[in-house]
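The values are calculated or read from the model by the stated rules, or taken from the named source; none is laboratory data. This is a predicted model, so every value here is computed, not measured. Using ideal geometry, Cβ is built from the backbone for each residue, glycine included, and neighbour counts are taken over all protein chains shown. Ligands, DNA and RNA are excluded from the accessible area calculation, which covers all protein heavy atoms including side chains. Shrake-Rupley method; radii C 1.70, N 1.55, O 1.52, S 1.80 Å.
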Amino acid sequence: MFVIDVYQNLYIMRILIVLFVFYIPQLVIAQQRLGEQDELQIKETFFKTESAWNNADIDGFMEGYWKSEKLTFVGSKGLTYGWEATRERYMKGYPDKTAMGKLRFTILELSKIEENSALMIGKFYLSRSIGDMQGHFTLVWKKIDGNWVIISDHSSSSN
């Protein structure tokens, strides 16, 4: 009986090790991934902002942002709080189609933070006759009332 118990314990230990090494990490990774539908909704909203920008439509661009005084935007001129203040900042910095140019985004990473929030890291390219710009951004997305919106934007130009 003692010999059988030792073998049974070794067998159980091997199973537990296999589960721990191979299965548990997969569960952790799966929990950090966005659901397919959520990822599609975020990307759809995000690329609508790009399209609106390229049509010189700042109001349409701002539709991707949380309409709240708690929205945060960080850029080269510092921190801005609120949807309206962020909109005004864009209007002042990009007053016409020439200043706005053509925008192209590249998503480098999109990952789940928790159930209804996500983190997006990417690059932007702004082609303009008055001088091109490019840089990186970090966006925090939150699902509010069934819609994914940007609640925090940190964008910085590398030129």
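Say we look at the stretch 68-83 and pick out the residues that are in contact (Cβ under 8 Å) with a residue 12 or more places away in the chain and surrounded by 14 or more Cβ atoms within 10 Å (Cβ to Cβ); which of these is farthest from Ile144 (Cα to Cα)? Looking at the filtered set, the residue picked out is Gly75. Taken over the stretch 44-67, residues that are open to solvent by 20 Å² or more (accessible area, probe 1.4 Å) and in contact with a strand residue (DSSP E or B) (Cβ under 6 Å, 6 or more places away or on another chain) amount to 4.
Of everything in the stretch 103-119, what is of a type in the set (A, V, I, L, M) and exposed (fewer than 13 other Cβ atoms within 10 Å of the Cβ)? Give them in sequence order. Please lay out each step first, then the result.
The first filter runs over the stretch 103-119 and keeps only residues of a type in the set (A, V, I, L, M), leaving 103, 107-108, 110, 113, 118-119.
Matches in the stretch 103-119: Leu108 only.
If you check Gln41 against the conditions, is it open to solvent by 40 Å² or more (accessible area, probe 1.4 Å), touching a Lys or Arg at 6+ places or on another chain (Cβ under 6 Å) and either under 24 Å from Ile107 (Cα atoms) or at pLDDT 95 or above (or both)? In short, no.
Give me the residue from the stretch 105-135 that is without any contact (Cβ under 8 Å) to a residue 60 or more places away in the chain and among the basic types (Lys, Arg) and, out of that set, nearest to Ser155 (Cα to Cα). Write out each step before concluding.
Initially, the stretch 105-135 is screened for residues without any contact (Cβ under 8 Å) to a residue 60 or more places away in the chain, giving 105-106, 108-109, 113-117, 119, 121-135.
Applying the additional criterion that residues be among the basic types (Lys, Arg) yields 123, 128.
Working: Lys123: 9, Arg128: 18 Å.
So the residue we want is Lys123.
Checked against (1) crowded, with 17+ Cβ neighbours inside 10 Å; (2) at positive phi, Gly131 meets all criteria but (1).
Would you say Gln32 is open to solvent by 80 Å² or more (accessible area, probe 1.4 Å), at pLDDT below 95 and touching a Lys or Arg at 6+ places or on another chain (Cβ under 6 Å)? Yes: the conditions hold for Gln32.
For the stretch 136-149, state whether one or more residues are among the small types (Gly, Ala, Ser) and surrounded by 15 or more Cβ atoms within 10 Å (Cβ to Cβ).
If we filter the stretch 136-149 for residues that are among the small types (Gly, Ala, Ser), which is where we start, we get 146.
When the remaining residues are screened for being surrounded by 15 or more Cβ atoms within 10 Å (Cβ to Cβ), the result is none.
No: the stretch 136-149 contains no residue that is among the small types (Gly, Ala, Ser) and surrounded by 15 or more Cβ atoms within 10 Å (Cβ to Cβ).
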